[in-house]
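J.: The following block contains the structure, expressed as structure tokens.
Here, each number is a calculation from the coordinates, and none is a lab measurement. For clarity, every value in this text was computed on a predicted model and none was experimentally measured. Here the Cβ positions follow ideal geometry from the backbone for every residue, glycine too, while neighbour counts run over all protein chains shown.
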Amino acid sequence: MRKQTSPGGLAVITRKEFADHVSGWRMIILMGLVAVTGVASLYVAAQTIRSAVGEAGTIDFVFLRLFTASDGKLPPFISFVSFLGPLVGLALGFDAVSGEHARRTLSRVLAQPIHRDALVNGKFLGGLAAVAAMLSALWLAVGALGLVLIGVPPTADEFVRLAAFLAVTVIYISFWLALSILFSTVFRQAATSALAGIAAWLFFAIFADLLADLAAAALVPAAAGGNPEAIFAQEQIRLWLSRLSPVTLYSEAVSTLLTPSIRALGPVMVEQILGALQGVLPIGQSLLLVWPQVVGLITGTAACFAASYILFMRREIRA
Amino acid sequence: MGSATPVIETSGLVRRYGDLTAVDHLDLTVCQGEIFGLLGPNGAGKTTTILMLLGLTEPTEGRVRIAGLDPSRQPLEVKRITGYLPDNVGFYDEMTGRDNLRYTAALNGIPRPEAERRIAKALQRVGLPETADRKAGTYSHGMRQRLGLADVLVKEPRIIVLDEPTVGLDPEGARDFLELTRELAREGITVLLSSHLLHQVQEICDRVGIFVSGRMVACGRVHDLAEQILADEQFRLLIEIQAPLPGLATELGRLDGVASVEDADGEEGGGRRLRLACSRDVRAEVGLRVQELGGILLHLEQSGRSLDEIYARYFRGKEMDNVA
Ligand SMILES: Nc1ncnc2c1ncn2[C@@H]1O[C@H](COP(=O)(O)OP(=O)(O)OP(=O)(O)O)[C@@H](O)[C@H]1O
Ligand SMILES: [Mg+2]
């Protein structure tokens, strides 16, 4: 008989998933949404920057400010990305496995000589490739638009920071993709899986911070009395709790990358500031500072992925 | 037809779902080039058996060998030589029929030109060449089923497993489908098909296994099964009388050569139609006896031994449960 032992199943499935995403309506809708909000926030940021330049003469890192500045009404670009990013990941993955089940193609595909995990892996990699392609295109478009709006090209340092921003965003969205693939494995109905994804998204985007505040206040009640040590302890707890949320991790990482003047994450004592040098952090130091956040996001992605893998490998494929 | 090389072998195969035993100690051997029919009512465990043969579900106990390979340990090798058509097969609706087949070919690692050749051949064979470039979402059930068979043929399997392949096909479509299956078996492909449509299975299967509640209660060639099960009932007689006659069944049962008498319409049939199992031709005596008892015989029919009757023997009670 034929002796082809290396199954190219993973590559084939990844390619199909990528092609499906790129040519599908979902991608167009999501891109439209991100593009419209992105352009609006960039435009507002450019206005703000112009008036700031008018008052102060020159400002540092003007290109980066395009992504972090806001007029106080419309949130900055990075806030939009941190809010809408999960939606992109969820939309691409919520019916990954349950959809195959509903179309009754699952058993037909798994009756082909491919490893079972090739299907889940291929879905993840295909989605990841689509996200990376979409974000890269958006990134280039936004960069070009920024150039037109403020007329100053980014410096090499700014360019590296923006590239890191792109990479961290891809990782962030791939976390949500992995989470939605997990939900699509757990729930047989695509609608249930989508709902679970949206619930997780709203929880992390809106309520997680509030809950972290509440929990920290409950754990260190002495802080209400104004005791500085207690206040410090409470703030520490709040911070670590809120870091359980991927949204917080991402926001911290991205604002550090795009705001070179951020020198530390978390509460800082007055003595620490007193001795410190004024100025901005070099790019290498910023990257070091966000490394734990990035590792946290990757760990979350891997955990979701491992869970869906285990569930799927043990499942009976009927349909 | 075919040599006696066993291709599908199971021994002591068990699959339990909680308390329910869906497949109970199944021993099965299917040889090369054979068409084997897995027969049984809904919920008998046919699909579960097939899933275990393909490694899509793990057996609770027992052993499976497909061409000497263990589907749990060497799933890829097994799936490379086995084509599976699930019941109610699905396709990617937004892709054309041909693209669906291309995807299958790619998953099987068949190089492009070779794949195109096989796809064209398979589509030709199942009679879909004109519609192949339409979106699969626009296909009728019959066309899907044909596309499913083409999908199986693309990988040029040694073994084909068909789960309820003719359900929902019109009589002509079903005939074509089964004719094609027979042709494939003649080429040396081993075919395992599950069904509850007895006439069809009877026509094309070399051997059948009868499944009830997870147990294979009989297995063999249709003719041999008839010998086995209906050994003392070489003749089966169906009579219909104008009005029920009390005591008629008992009277007829006393006739020499009559093995059993039962109401053809079930328990509450009223006794107008009776079915007799006899070891010799008793038509004349039966007619006479009905007349003696003052009844009017409307209809008397002698039937052969068909799979239907064998099947009915086993499932009469069971199928009524399912209908209710
Ligand atoms: N995942 C499951 N959990 C519990 N019970 C199950 C599961 N899958 C199947 N069963 C039970 O196993 C039995 C056999 O099911 P199976 O699908 O093999 O029947 P079948 O012979 O293919 O029937 P049909 O003709 O309706 O397709 C049924 O009683 C079914 O309810
Ligand atoms: Mg079935």
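J.: How much FRET efficiency would the formula 1/(1 + (r/R0)^6) give for B:Leu20 and B:Thr250, where r is the Cβ-Cβ distance and R0 is 56 Å, rounded to 0.05?
T.: Values: r = 41 Å, r/R0 = 0.73.
My answer for the efficiency is 0.85.
J.: Give me A:Val220, A:Val36 sorted ascending by neighbouring Cβ count inside 10 Å, so fewest comes first. If you can, show how the numbers build up before the last one.
T.: Numbers: A:Val220 20, A:Val36 11.
By the 10 Å Cβ count, ascending: A:Val36, A:Val220.
J.: Ok, one more. Kirkwood hydrodynamic radius, computed over distinct alpha-carbon pairs, for chain B: how many Å, to one decimal?
T.: 22.0
J.: Also: Based on the alpha-carbon gyration tensor of the stretch A:7-314 and its eigenvalue square roots a ≥ b ≥ c, which shape applies: rounded if a/c is under 1.5, prolate if not and a/b is larger than b/c, or oblate?
T.: oblate
J.: While we're here: Give me the inter-chain shielding for B:256-265: mean count of other chain Cβ atoms within 10 Å, whole number please.
T.: 0
J.: Do the sum for chain A: with -39,500 (n - 2.57) for every DSSP H run of n ≥ 4, divided by all residues, what is the mean residue ellipticity at 222 nm, to the nearest 500 deg cm²/dmol?
T.: Here the helix-only value at 222 nm equals -25500 deg cm²/dmol.
J.: Here's a follow-up. Using a 10 Å cut-off on Cβ atoms, rank the peptides A:125-132, A:185-192 from the highest mean neighbour count down.
T.: Those peptides, ordered most packed to least, come out A:125-132, A:185-192.
J.: Let me ask something else about it. About its Cα centre, what dipole magnitude does chain B give when the only charges are +1 on Lys and Arg Cβ and -1 on Asp and Glu Cβ, stated in debye to the nearest 20?
T.: 1120
J.: Let me ask something additional. Neighbour counts of other C-beta atoms within 10 Å: give me B:Asp170, A:Asp117 arranged from fewest to most. Let's see the in-between values first.
T.: Numbers: B:Asp170 11, A:Asp117 14.
Neighbour counts put them in this order, fewest first: B:Asp170, A:Asp117.
J.: Next question, about the same structure. To the nearest 0.05, what FRET efficiency results for A:Leu202 and A:Ala156 with a Förster distance of 51 Å applied to their C-beta separation?
T.: My answer for the efficiency is 0.85.
J.: Let me ask something else about it. Treating the angle as unsigned and between 0 and 90°, give the value, to the nearest 10°, between the Cα long axis of helix A:77-93 and the longest Cα principal axis of chain A.
T.: Once rounded, one gets 10 degrees.
J.: Only four residue types carry charge here, +1 at the Cβ of Lys and Arg and -1 at the Cβ of Asp and Glu. Report the dipole size of the stretch A:7-314 about the Cα centre in Debye, rounded to the nearest 20.
T.: It works out to roughly 1160 debye.
J.: Okay, next question. Which net charge results for the neighbourhood of B:Gly257, defined as the other residues with beta-carbon distances under 9 angstrom from its beta-carbon, given Lys and Arg at +1 and Asp and Glu at -1?
T.: -2
J.: For B:89-102, what's the mean count of beta carbons from other chains sitting within 10 Å of each residue's beta carbon?
T.: Other-chain Cβ atoms within 10 Å of each residue's Cβ, averaged: 3.
J.: Please give the length that would be gained between A:Arg188 and A:Ala144 if that part of the chain were fully extended, namely 0.36 nm times their separation in residues minus their C-alpha to C-alpha distance (nm, one decimal). Each step should come with its number before you reach the end.
T.: Values: separation 44, 0.36 × 44 = 15.84 nm, distance 4.32 nm.
Once the chain is fully extended between A:Arg188 and A:Ala144, it gains 11.5 nm.
J.: Sticking with this structure for a sec: Label A:Ala230 and B:Leu238 with points 7 Å out from Cα along Cα→Cβ: what is the distance between them in nm?
T.: 9.2
J.: Roughly how many debye, to the nearest 20, is the charge dipole of the protein assembly as shown about its Cα centre, given +1 on each Lys and Arg Cβ, -1 on each Asp and Glu Cβ, and no other charges? List each step's numbers first, then the result.
T.: Working: 60 positive and 66 negative charges, 328 e Å.
Once rounded to the nearest 20, the dipole reads 1580 debye.
J.: Modelling each spin label as a point 7 Å along the Cα-to-Cβ direction, I'd like the B:Val167/B:Arg280 distance in nm, to one decimal.
T.: Result: 4.6 nm between the two label points.
J.: Could I ask something else about it? Taking the Cα atoms of the stretch B:1-104, report the difference between the largest and smallest coordinate on each principal axis, in whole Å and largest first.
T.: Principal-axis extents of the stretch B:1-104 (Cα, largest first): 42, 38, 28 Å.
J.: Can you compute the modelled spin-label distance between B:Val217 and B:Ala4, with each label point 7 Å from Cα toward Cβ, in nm?
T.: 2.9
J.: Then there is this: Order these by the 10 Å Cβ neighbour count, fewest first: A:Tyr250, B:Tyr17, A:Tyr309.
T.: Least to most surrounded, the residues fall as B:Tyr17, A:Tyr309, A:Tyr250.
J.: In nm, what is the difference between 0.36 nm times the number of residues separating B:Glu130 and B:Glu94 and their Cα-Cα distance? All intermediate terms of the calculation are to be shown ahead of the outcome.
T.: Numbers: separation 36, 0.36 × 36 = 12.96 nm, distance 1.77 nm.
Computed gain between B:Glu130 and B:Glu94 is 11.2 nm.
J.: Further question: Specify the angular offset, from 0 to 90 degrees and rounded to the nearest 10, of the alpha carbon long axis of helix A:208-219 from the longest principal axis of the alpha carbons in chain A.
T.: Helix A:208-219 sits at roughly 70 degrees to that axis.
J.: Now, a different point. Give me the distance between the Cα centres of the stretch A:27-46 and the stretch A:59-75, rounded to whole Å.
T.: Computed from Cα coordinates, the inter-centre distance equals 15 Å.
J.: Continuing with this model, one more query. Take peptides A:76-89, B:137-150 and line them up by average Cβ neighbours within 10 Å, highest first, as a rough protection proxy. Write down the numbers at each step before the final one.
T.: On the way: A:76-89: 22.1, B:137-150: 19.5.
Going from most to least packed, we get A:76-89, B:137-150.
J.: Hey, another quick one. Would you mind classifying the stretch A:39-159 by shape? Square roots of the alpha carbon gyration tensor eigenvalues, ordered a ≥ b ≥ c; an a/c under 1.5 is rounded, otherwise it is prolate if a/b is larger than b/c and oblate if not. Let's see the in-between values first.
T.: Details: a/c = 4.77, a/b = 2.98, b/c = 1.60.
The shape class here is prolate.
J.: How about the stretch A:199-232: which chymotrypsin sites (Phe, Trp or Tyr not before Pro) there lie in a loop by DSSP and see at most 14 other Cβ atoms within 10 Å?
T.: Numbers: sites: A:Trp201, A:Phe203, A:Phe204, A:Phe207, A:Phe232; in loops: none.
Taking the stretch A:199-232 and a limit of 14 other Cβ atoms within 10 Å, no loop chymotrypsin sites (Phe, Trp or Tyr not before Pro) are found.
J.: Now for a separate question. For the protein assembly as shown, just say rounded, prolate or oblate: build the C-alpha gyration tensor, square-root its eigenvalues into a ≥ b ≥ c, call rounded for a/c under 1.5, and beyond that prolate if a/b exceeds b/c, oblate if not.
T.: Because a/c hits 1.5 or more and a/b exceeds b/c, the protein assembly as shown counts as prolate.
J.: Related question: Under the rule of at least 5 residues apart or a separate chain, name every residue whose amide H is placed under 5 Å from the amide H of B:Val212.
T.: For B:Val212, the qualifying residues are B:Val217.
J.: Something else about it: Checking the table A:Lys123/B:Lys121; B:Lys135/B:Lys155; B:Lys46/B:Lys79; B:Lys79/B:Lys121; A:Lys123/B:Lys79 against a 24 Å threshold on Cα-Cα, which pairs fail?
T.: Among A:Lys123/B:Lys121; B:Lys135/B:Lys155; B:Lys46/B:Lys79; B:Lys79/B:Lys121; A:Lys123/B:Lys79, the Cα-Cα distance tops 24 Å for A:Lys123/B:Lys121.
J.: Here's something else I'd like to know. Please give the FRET efficiency for B:Thr60 paired with B:Glu292, using the beta carbon to beta carbon distance and R0 = 51 Å, rounded to the nearest 0.05.
T.: So the FRET efficiency works out to roughly 0.30.
J.: Let me ask something else. Can you tell me, using C-alpha contacts under 8 Å and at least 6 residues apart, the relative contact order of chain A as a whole percent?
T.: 24
J.: Pairing the Cα long axis of helix B:307-323 with the longest principal axis of chain B, what angle in degrees results, from 0 to 90 and rounded to the nearest 10?
T.: Here the helix axis deviates by roughly 90 degrees.
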